[in-house]
1. Rounded to the nearest 20 Debye, what is the dipole magnitude of the chain about its Cα centre when Lys and Arg each give +1 and Asp and Glu each give -1 at the C-beta?
2. If amide H atoms are built 1.01 Å from N in the plane of the peptide, which residues on other chains or at least 5 residues away come under 5 Å of the amide H of F171?
3. Among L195, H7, G339, which residue has its Cα positioned farthest towards the positive end of the charge dipole of the chain, with +1 placed on the Cβ of Lys and Arg, -1 on the Cβ of Asp and Glu, and the dipole taken about the Cα centre?
4. What is the ratio of the Cα radius of gyration of segment 379-431 to 2.2 N^0.38 Å, with N the residue count, to two decimals?
5. Across bins of 10 angstrom width beginning at 0, how are the C-alpha pair distances of segment 1-132 distributed, in whole percent?
6. Could you tally the net charge around A345, taking each other residue with its Cβ under 13 Å from the Cβ of A345, Lys/Arg +1 and Asp/Glu -1?
7. Helix 228-240 versus the longest principal axis of the chain: what is the Cα-based angle in degrees, 0 to 90, to the nearest 10?
8. Ranked highest first by the average count of other Cβ atoms within 10 Å around their residues, in what order do 417-425, 112-120 fall?
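The values are calculated or read from the model by the stated rules, or taken from the named source; none is laboratory data. This structure is a prediction, so every number in the text was calculated from the model and none was measured. For neighbour counting, all protein chains shown are included, and Cβ atoms are generated from backbone atoms with ideal geometry for every residue, glycine included. Surface accessibility is based on the protein's heavy atoms, side chains included, excluding ligands, DNA and RNA. Shrake-Rupley method; radii C 1.70, N 1.55, O 1.52, S 1.80 Å.
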Amino acid sequence: MTKIVNHWIGGKTAEGASGSYGPVTDPATGEVTTKVAFASVEEVDAAVAAAKDAFATWGQSSLAQRTSILFKFRALLDEHRDEIAALITAEHGKVHSDALGEVARGLEIVDLACGISVQLKGELSTQVATGVDVAAIRQPLGVVAGITPFNFPAMVPMWMFPLAIACGNTFVLKPSEKDPSAALKLAELLAEAGLPDGVFNVVHGDKVAVDRLLEHPDVRAVSFVGSTPIARYIHTTASAHGKRVQALGGAKNHMLVLPDADLDAAADAAVSAAYGSAGERCMAISAVVAVGSIGDELVQKIRERAEKIKIGPGTDPTSEMGPLITKVHRDKVASYVSGAADEGAEVVLDGTGYTVDGHENGHWIGISLLDRVPVSAKAYQDEIFGPVLSVLRVDTYEDGVALINASPYGNGTAIFTRDGGAARRFQLEIEAGMVGVNVPIPVPVGYHSFGGWKDSLFGDHHIYGNDGTHFYTRGKVVTTRWPDPSDAPAGVDLGFPRNH
């Protein structure tokens, strides 16, 4: 019997009423295992209404109450991390270790939310004028929404809602319809932790649900992670409806390798950063820029390592890389490799014909490595979101920086070198929001914010960290003057001596 994933509204499961459902496949077999309900406008409105009703009390709740619930949620999340990882593997396809790592990174932001009291401290200036004090405080926005991608169905929602609800907001999540079960499990754990009904809601669906959230007058802010075209649309549409927006888009992350670099370490980093999670992550390294004469040796080292990666079902503990999320996506990724030679690239490894015995209908693709890729090639220009690594050659450090800075994307980048001066120049000169020095995937820890530059971010705030707290709150300044108690009206004795 096919499993059905429904919505979560007002603290309980809400069966889909629209009659519209989407298929969820097991990427390792290609079989449809689940149907997910697609929300109508009316169902989205019901979720927003539940969140609005809950905000009336949750927005006034104490920090102690909010953090107490989040501590309980954190304990439950830790207890159920294997179960959540199994749901991710079943619907996304990533290997179990990658899925566990995703849950662990989400836990970091829950940790941050548990300590939100520090981030929400206000400021006070006394005696700015005689008898006048000025205080700055931060208050929640109200109902906020999150629209999240398929590649991290647990982690990315946890980059959003723990901070949002810790700040006193209520939340409506629209997860990816391709792998929705992890989001529903998070909702169940929040309820078990004691979160009041309506504070956290989940609606599944497609563009109908997304557009209603962007337009709804009671939604105050929208967080999004996904491709650049959709991020631009989210930002434009939600902003036009008066909402605060943080929309994180796509990426083309470069790794600059200087001639003095440890090439074994660089090759190890390139392989893990390009092919981990089958390349389906916005911080994947998809372009290695080799400086000077090291290109041939570096490519050979990458090839030797890449050929040893074991590809198989995510449920197999010996698998190091799983399938892609859908057949359509698999075919699109393969097209970049198939057309690379015609665009001037050298195809060192071609993974397009890969399959797994006994799972021939799965969404399989092997490791692909392209060398001497021209910047005009589609494999370089587009975000592929799959296990395809392009190597580009440049003569100098300056050429490499110019190439990277010319990219329309600016999510993350890395440099591999033994030279501290070169690394320092790179981190100042490169136009990207996150920089790694001998670190291939420079995703910051939870108390520093995540976000890119250029077409990788639309909006003024990065996600989580201090930026996340500021995004989910708004500032208020209170200027206060109180009369001196010694000046109380005649007949009113406050116990203060009259000095004049």
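1. The dipole of the chain has a size of about 1200 debye.
2. For F171, whose amide H was placed from the backbone, the distant partners under 5 Å are V144, F200, N201.
3. It is L195, whose Cα lies furthest towards the positive end.
4. Cα Rg divided by the expected 2.2 N^0.38 Å: 1.22.
5. 10, 23, 31, 22, 7, 4, 2, 0
6. Within the 13 Å Cβ shell, the charges total -2.
7. 20
8. Values: 417-425: 14.1, 112-120: 18.2.
The peptides rank, most packed first, as 112-120, 417-425.
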